[in-house]
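Asker: Could you have a look at this structure, given as structure tokens, before my questions?
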Amino acid sequence: MGRATVADIKGRDFSELDKEAKENTENTNKGSNTNKNRNTTTSDSRGRKNRRRQKKTMVVHPVQRLFDACKDVFAHAGTGFVPPPDKIEQLSALLDDIKPVDVGLSPRMSFFSPQAARRAPTITYLHIHECEKFSMGIFCLPPSGVLPLHNHPGMTVFSKLLFGTMHIKSYDWVVGAPSNASAVAEPSQTQCSEVRLAKVKVDSNLTAPCKTSILYPADGGNMHCFTAVTACAVLDVLGPPYSDAEGRHCTYYLAYPFTKFSGDEQVSIPDEEKDNYAWLQERDKPEDLVVKGALYTGPVIREN
């Protein structure tokens, strides 16, 4: 119940859009090579020398550096994988330095514009790369856009806020806490499900520029909700990515105050700390959640 694949979050066929971008780049390069063959032998020689000079001074683009690092860091990633501290620091430093212009983004783009208040704002996802070990992509939220509370089972996730202000509320499960099987689901839910106790990890606004946020399989706020205070964009790196075949489903949750259910009597928490706890209940994917795909227009990644 309440499970959705990565396709439900991101939409479908973004890898095909990525392939089209690569094909367009390759076709452009072929045309350029044909023109070069028409030059004289002397011009070809000069061109080769110039290209050798360019290779010596070529600066690798930030997104390419991030991709190359992800290939190394997540080479052996599987469910529950957590990179060693030095690798976490490496990826965080690379993400910290990435700016909107590095991924072809501007706050003036249409999918960041305010939308009609009568429905939930549409969120746009830009697919950069995905393989069985990791994925890279950007969520683009207009003002008041919401990514509802959801989890990242067995995953390590790096999130870099590229611009704007976003409210983040995240939770981790309380290990050993009793569940409450008598909880009644919201009227919109088709059936009841138990609730589990979770502790609030983060409940605050984040404004770019800021450090990269990291969550882990069992810590760091594995379940979170994003709400756009202003138009904003988040670059996400997931290792490993969602996978139905490997049991990494995306599950959505409702959050209830700690005092709502009788289970709070079984848990000893001081009154002044009860606001830092909540009961989470699985839910179906929210009907008003709309995430559409758009073509990533930033620098093309070279996979070899």
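The values are calculated or read from the model by the stated rules, or taken from the named source; none is laboratory data. In this text the structure is predicted, and so the values were computed from the model without any measurement. Note: ideal-geometry Cβ built from the backbone for every residue, glycine included; neighbour counts use all protein chains shown. Ligands, DNA and RNA are stripped out before the accessible areas are found, and what is left, the full protein with its side chains, is counted by its heavy atoms. Shrake-Rupley method; radii C 1.70, N 1.55, O 1.52, S 1.80 Å.
Residue-wise test of (1) modelled with pLDDT under 90; (2) closer than 19 Å to VAL175 by Cβ; (3) within 32 Å of the chain's Cα centre (by Cα); (4) of a type in the set (D, E, K, R).
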site	(1), (2), (3), (4)
TYR252	no, no, yes, no
TYR256	no, no, yes, no
LYS260	yes, no, yes, yes
ASP264	yes, yes, no, yes
ASP271	yes, no, no, yes
TYR277	no, yes, yes, no
LEU280	no, yes, yes, no
LYS285	no, no, yes, yes
ASP288	no, no, yes, yes
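Asker: While we're here: Could you pull out the residue among ALA231, ALA245 that is hydrophobic (A, V, I, L, M, F, W, C) and crowded, with 18+ Cβ neighbours inside 10 Å? Quick ask: steps written out before the conclusion?
Answerer: Details: ALA245 fails: crowded, with 18+ Cβ neighbours inside 10 Å.
That would be ALA231, the only listed residue that is hydrophobic (A, V, I, L, M, F, W, C) and crowded, with 18+ Cβ neighbours inside 10 Å.
Asker: For VAL63, all conditions in the list (1) open to solvent by 20 Å² or more (accessible area, probe 1.4 Å); (2) in contact (Cβ under 8 Å) with a residue 12 or more places away in the chain; (3) more than 30 Å from LEU254 (Cα to Cα); (4) not aromatic (Phe, Trp, Tyr) hold save one; what is the number of the exception?
Answerer: Against the list (1) open to solvent by 20 Å² or more (accessible area, probe 1.4 Å); (2) in contact (Cβ under 8 Å) with a residue 12 or more places away in the chain; (3) more than 30 Å from LEU254 (Cα to Cα); (4) not aromatic (Phe, Trp, Tyr), VAL63 comes up short only on (1).
Asker: Any idea which residue in the range 190-218 is surrounded by the fewest Cβ atoms within 10 Å (Cβ to Cβ), counting only those that are part of a strand (DSSP E or B), of a type in the set (D, E, K, R) and at pLDDT 95 or above?
Answerer: As a first pass, look at the range 190-218 and keep what is part of a strand (DSSP E or B): 195-207, 213-216.
Then keep just the ones that are of a type in the set (D, E, K, R); that gives 196, 199, 201, 203.
Still in the list and also at pLDDT 95 or above: 199, 201, 203.
Details: LYS199: 18, LYS201: 18, ASP203: 14.
Looking at the filtered set, the residue picked out is ASP203.
Asker: Which of the strands (runs of 3 or more DSSP E) contained wholly in the range 70-189 include at least 2 residues that are among the β-branched types (Val, Ile, Thr) and open to solvent by less than 40 Å² (accessible area, probe 1.4 Å)?
Answerer: Working: elements: 123-130, 135-141, 146-150, 156-163, 165-173.
Output list reads 123-130, 156-163, 165-173.
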